[in-house]
1. Kindly flag which residue pairs out of Lys125/Lys200; Lys10/Lys136; Lys487/Lys533; Lys42/Lys200 have an alpha-carbon separation exceeding 26 Å in this structure.
2. What is the Cα centroid distance between the stretch 271-312 and the stretch 315-359, reported in whole angstrom?
3. Take every Cα-Cα distance within the chain, group them into 10 Å bins from 0 onward, and report for each bin the whole-number percent of pairs it holds.
4. If ligands, DNA and RNA are left out, what is the accessible area of Val406 with a 1.4 Å probe, given in Å² to the nearest 10?
5. Accessible area per residue of the stretch 114-222 at 1.4 Å probe, in Å²?
6. Can you say what percent of the DSSP beta bridges in the stretch 81-330, counting only those with both residues inside, are antiparallel? Round to 5.
7. Could you report the stretch 392-578's accessible area per residue, 1.4 Å probe, as an integer in Å²?
8. Considering the Cα positions of the stretch 9-151, please state its Rg to one decimal place and its Dmax as a whole number of Å.
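The values are calculated or read from the model by the stated rules, or taken from the named source; none is laboratory data. What you see is a predicted model; the values in this text were computed from it and never measured. Here the Cβ positions follow ideal geometry from the backbone for every residue, glycine too, while neighbour counts run over all protein chains shown. These accessible areas exclude ligands, DNA and RNA; they are computed on the full protein's heavy atoms, side chains included. Shrake-Rupley method; radii C 1.70, N 1.55, O 1.52, S 1.80 Å.
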Amino acid sequence: MVKSLAKWSKTELRRQLEVVRGHRAPTKLLKNALYFIKSRRKWVEGNIWIYHDRIVYTGENLPTNIDGTEVVDCEQQMVVPGYIEPHAHPFQLYSPHRLAEYAARYGTTTLINDNLGFLLECDKKKAFTVLEEYAKIPSTMLWWARYDTQTAHKDEHLLSHSLIHDWINHPDVIQGGELTDWLSVLQGDDDTLHLMQETKNRGKRIEGHLPGAGENTLVQMALLGVSADHESITGDDVIRRLDLGYFVSLRHSSIRPDLPHLLSDLQRKGIQHFDDIMMTTDGSPPSFYEQGLQNQLLKIAIDTGIPFEEAISMVTENVARYYGIDEYVGKVAPGRIAHLNMLQSTKDPTPHSVLAKGEWVKKNGQLQGLSYDVNSVGDFNESFALDWSLSEEDLHFSMPVGVEMVNDVILKPYSTMADVTKPCLPAESDECYFMFIDRNGNWTVNTILKGFAKSLYGFASSFSVTGDIILIGKDKRGLLDAFEALKNLGGGMVLLDEDGPVAELPLHIGGMTSDETLETLIEQEKSIVSALKERGYPHDDPIYSLLFFAATHLPYIRITPQGIYDVKKKMVLFPSIMR
C-alpha cells in the first residue's frame with residue numbers, strides 16, 4: 001500500500017459517497033469535458049466531479065447539489081490525467097520539492113524519485129521526516145530504494161543492509177533500483193540479490209540500468225527480478241526488451257536526447273502499440289526543463305507521428321499500470337487523485353490549466369498560489385562548510401596515468417607527456433590539473449584531466465556523486481584560489497579567472513542542492529555552463545560530467561574516493577592519498 005496515495009480516512013470516504021448520492025456538493029465540477037478511455041480506445045464527453053483531492057464521478061450525470069461548487073465549463077477542451085515522470089533524479093542542483101513545484105506547472109504532477117541524495121546527505125530519520133512533508137504537497141512524490149551508491153567509497157559499508165531494508169519497506173517507495181551494479185549480482189553478490197528478493201516479496205518493482213545488454217544478460221536479469229530498463233539507444237534495443245517481457249522507458253535527457261530517433265526507429269520497424277512503453281527525462285539539469293518535463297516528451301512523440309492516444313498513455317496510464325498505482329493516478333476515472341490537465345489541442349500537450357490533488361496550479365494560463373509553504377519542507381541536511389585548508393603541499397601530481405574524457409561522462413586512461421612539476425600546464429593543450437578531495441579533507445586524488453577545458457584558470461565544485469570536492473584548472477594557483485572561493489560561497493560551483501570569480505552557482509544545501517526556484521537555477525546554470533564552454537569545454541553537459549567523474553556504473557575508469565578505479569576489472573589502479 002502506498003501511503004501517500006491511499007490516505008483517505010473512513011470519514012473522508014463516507015463524505016465522498018455523500019457527494020455521489022447528492023447529499024453533499026462536489027468542490028469542483030468540470031462539465032462538458034472530453035476525456036479518453038483507453039480500455040475501449042474512445043474519447044467520451046462527460047462531467048467530472050471532484051471532491052477536494054479526488055475524482056468521485058465521471059460520466060453523463062450532473063450533480064444535483066452544487067452549493068459552493070466551482071463549476072468549470074470544459075467545452076472544446078480535452079481533460080487528460082496529470083503526467084507522470086517514472087525516473088526522476090530530484091537532486092540535480094534543484095531540491096525535490098522545487099522540481100515538483102516547477103514540473104506541475106507544465107502538467108507533470110507525479111514524480112517517481114531516486115533516493116540517492118537522501119542516502120548520501122542525511123540520516124534515515126530526517127529523510128523519512130522529509131518524505132512525510134513531501135506527501136503533503138499538491139504533487140504526488142513516490143520513491144525508489146537504491147541498492148548501491150554508484151561509486152567506490154572509502155567506507156564500503158556506507159549503505160547498511162538494515163538501511164536499505166527500511167527504505168524498501170517504506171510505504172512511499174514503489175521500486176528498488178535503479179540497479180547499476182548488476183554485474184556484481186550476476187557474479188555472485190548475494191547481499192544485493194537478497195535485497196532484490198525482499199523488494200519483490202513486498203510486491204514492488206525493480207528497475208535495471210542495463211546499457212548495451214544483450215539477450216543473455218537481459219534474460220538473466222529478468223530471472224533475478226528486473227522488469228524495466230531505460231538504457232535503450234536503438235529501436236532494436238527496445239524491441240529486444242519488449243520481447244523478453246520488460247517495460248521500457250524511452251529516454252530523452254541532456255546527455256542522451258534519444259527520443260526522436262527511438263520513436264522513428266520503432267515506427268519503421270512496425271511498432272503500432274506502445275502499451276509497455278514509458279518516457280523519461282532521466283533527471284536532467286535545470287536548463288533542460290526550461291519548457292517543462294513530460295509535456296515536452298509528449299510533444300516530441302506527437303511530432304514524430306505517434307497517435308496522441310498512444311503518446312499520452314506513455315506518460316500516464318502505462319506508467320501507473322506498470323507500478324500498480326493505476327487505482328490512484330494515470331486515468332480520468334472515479335477514485336483517482338485529481339491530477340488533471342486541460343488541453344486546447346492534441347497538438348499542444350502543454351496544459352493551459354492544471355489541477356494537482358484538486359488544487360489549481362495553473363488556471364487559464366495563469367499560475368495560482370500554492371496552498372503550502374514551500375519552505376516548510378526545507379533543507380534536508382546540514383549546510384556546507386569546509387573547516388580545513390588546502391596548500392601548495394597538496395599540489396603534487398606524480399601519477400603516471402592521466403584521465404581523458406571521451407564524451408560528457410565516459411573516461412579512459414591516457415599517458416600524459418605534460419611536465420606536472422610546473423605551476424601551469426601549456427595554454428595550447430586541453431589538459432588540466434584535476435583534484436578530487438574528501439569534503440572532510442582526509443584524502444585526495446591528483447591527476448591530469450584531458451578534454452575538459454583549454455583556458456581554465458580555476459574551477460571548484462562540491463557537486464559530485466559522492467559530495468566530495470572537485471578542483472580543475474590549468475594553473476595550480478588557480479586550484480587554490482578556486483578552493484577558497486568555494487569555501488566563501490558555502491558550496492556549489494565557482495569558476496575563476498586570475499582577476500576573481502566569473503560565474504557562480506550556489507548550492508547551500510549540503511553543497512549539492514539549491515533551494516532556489518528552477519527559474520533562478522536555470523539562469524545560474526546557463527551562466528556557469530557558458531563560462532566553461534568559453535574556456536574550451538567541448539561536450540554538451542558539464543553538470544553531468546561533474547556528477548559522474550566518480551560514478552562506477554560508467555566505463556572505463558573513474559576517479560573515486562578510493563582512487564583511480566578500473567570499472568571492468570573492479571580494482572583500484574592508483575589509490576587516493578591520505579593528507
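1. Working: Lys125/Lys200 24 Å; Lys10/Lys136 19 Å; Lys487/Lys533 24 Å; Lys42/Lys200 35 Å.
Long pairs (Cα-Cα over 26 Å): Lys42/Lys200.
2. Taking the Cα centre of each part, the stretch 271-312 and the stretch 315-359 sit 14 Å apart.
3. 3, 17, 26, 25, 17, 8, 3, 1, 0
4. Roll a 1.4 Å probe over it and Val406 shows about 80 Å².
5. On the way: 4370 Å² over 109 residues.
For the stretch 114-222, the solvent-accessible area averages 40 Å² per residue.
6. So the antiparallel bridges amount to about 5 percent of the total.
7. Working: 7000 Å² over 187 residues.
Per-residue accessible area for the stretch 392-578 comes out at 37 Å².
8. 19.1, 60
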